[in-house]
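Here's the structure we're looking at; comments come further down.
Coordinate-derived values only; no laboratory data. Since this is a predicted model, take the numbers as computed values, not measurements. A quick note on method: Cβ atoms are made from the backbone with ideal geometry, for glycine too, and the neighbour counts reach across all protein chains shown.
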Amino acid sequence: MLKAGKAVKVSIYIAEGATYHGVPVYSSILDFLFYRGVAGATVLKGMAGFGADHRMHSATLVDISDQLPLKIEFVESREKVDELLGKLEEMAGSGMIELQETTVAKPASVPAKPKEDDHPAHLKIEGKALMMRIYISEQDKWQSKALHLALVEAMRANDIAGVTVYRGILGYGAHHRVHHERTLSLSHDASIMLSAVDSEERIRAFLPIVEQMVEEGLVVLSDVDVIKYAYRARTVEEHPPTDSGQTSA
Amino acid sequence: MKEQFQARMLRVHFGERDTFHEKPLYEAIVSKCKDLGIAGAIVFRGIEGYGTSTRIRHSSHWTLSRDAPIMLSIIDTKEHIDGLLPHLSEMVNEGLIAMSDVEVIRYVRQDDVRPKGA
């Protein structure tokens, strides 16, 4: 790995069409540098130029030239360059190789691979967990937004593992007003239930927010056993214990 | 206003086509709950499922004669739920009743405070 400090910059000037054992020179040099562990290399394509043969090579539309000048650049430590130079000279053929003393101010760093479990906090909630059900009406509002939508957003912002909103087809609550789903009306006054599962502390930490947002409604908490929580596969299965009768959410 | 108490949650599972005295069973149960002064009841329609009869129930938009799975959720104090249970066992011929203890937080608007469980 290249370190900051003194180094050598190598520039190899070749023609695009030049070959080495039947393969374009730039590509065989690049492969060579790659497999010999050079920190990095770049192939630059020239617009126009001339070389030892004093013939002008340029990119014009009428003349599709395969003889454009190419420049391969890489920066390595002096020892590494000395080690590679012999072979490079052979491969470059009629091309030119230039060495230049240089200073690496900052070596490039390999971006760290994102870790498998580099995901927001709620990774493992298998085992004992708390299920929170919130019963509200579809018409409830929070800051002129539908309350159930606002609650889902709030839960997301607070890293609650997941939430599902259910719309009831019939129901009544605190006011004994019956919320009825009528197929032919566009009424949006159904009973709504939100069901969220997360660790006890996370759910309890979220309760003050629920309290702020829900003016009227019911929050029901129950203990559940989370059997599987797989966020990668985008499926959350929750099988509450059968002995407490939690057959479905 | 906020009140917090231990309560019971009942969930009754049956089919949309189930009836009681020629009325959809879920409507019958909801009105029974109202009569008994149960705090609240809510009916959900599932999109697919199967139950005691191992008949696959579907909720299809294309048929009017759907028989989707129904889940009725009722929450109240233990006493109220105990009072409801005999009625439920009379009304539900085929289905499942599940019960669990829950912790309830109830938010009530300041201006219309009602007695608990009413």
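Descending by average beta-carbon neighbour count within 10 Å, the peptides A:80-86, A:98-104, B:96-102 line up as B:96-102, A:80-86, A:98-104, the highest first.
Please report the projected area of segment A:5-104's Cα convex hull averaged over all directions, in nm². If you can, show how the numbers build up before the last one.
Details: hull surface 26.5 nm².
The orientation-averaged projected area of the Cα hull of segment A:5-104 comes to 6.6 nm².
Determine the relative contact order of segment A:5-104: mean sequence separation of Cα pairs under 8 Å and six or more apart, normalised by residue count, in whole percent. RCO, segment A:5-104: 49 percent.
Mean per-residue shielding of peptide A:157-169 is 2, counting Cβ atoms of other chains within 10 Å of each Cβ.
Restrict the search to segment A:1-47; then list the trypsin sites (Lys or Arg not before Pro) that DSSP places in a loop and that have at most 14 other Cβ atoms within 10 Å of their Cβ. Don't skip to the end; give the middle numbers.
On the way: sites: A:LYS3, A:LYS6, A:LYS9, A:ARG36, A:LYS45; in loops: A:LYS3, A:ARG36.
The qualifying sites are A:LYS3, A:ARG36.
As a test of understanding, state the convex hull volume per residue of segment A:187-227 from its alpha carbons, in Å³. Don't skip to the end; give the middle numbers.
Working: hull volume 3.6 nm³, N = 41.
In segment A:187-227, the Cα convex hull volume per residue is 89 Å³.
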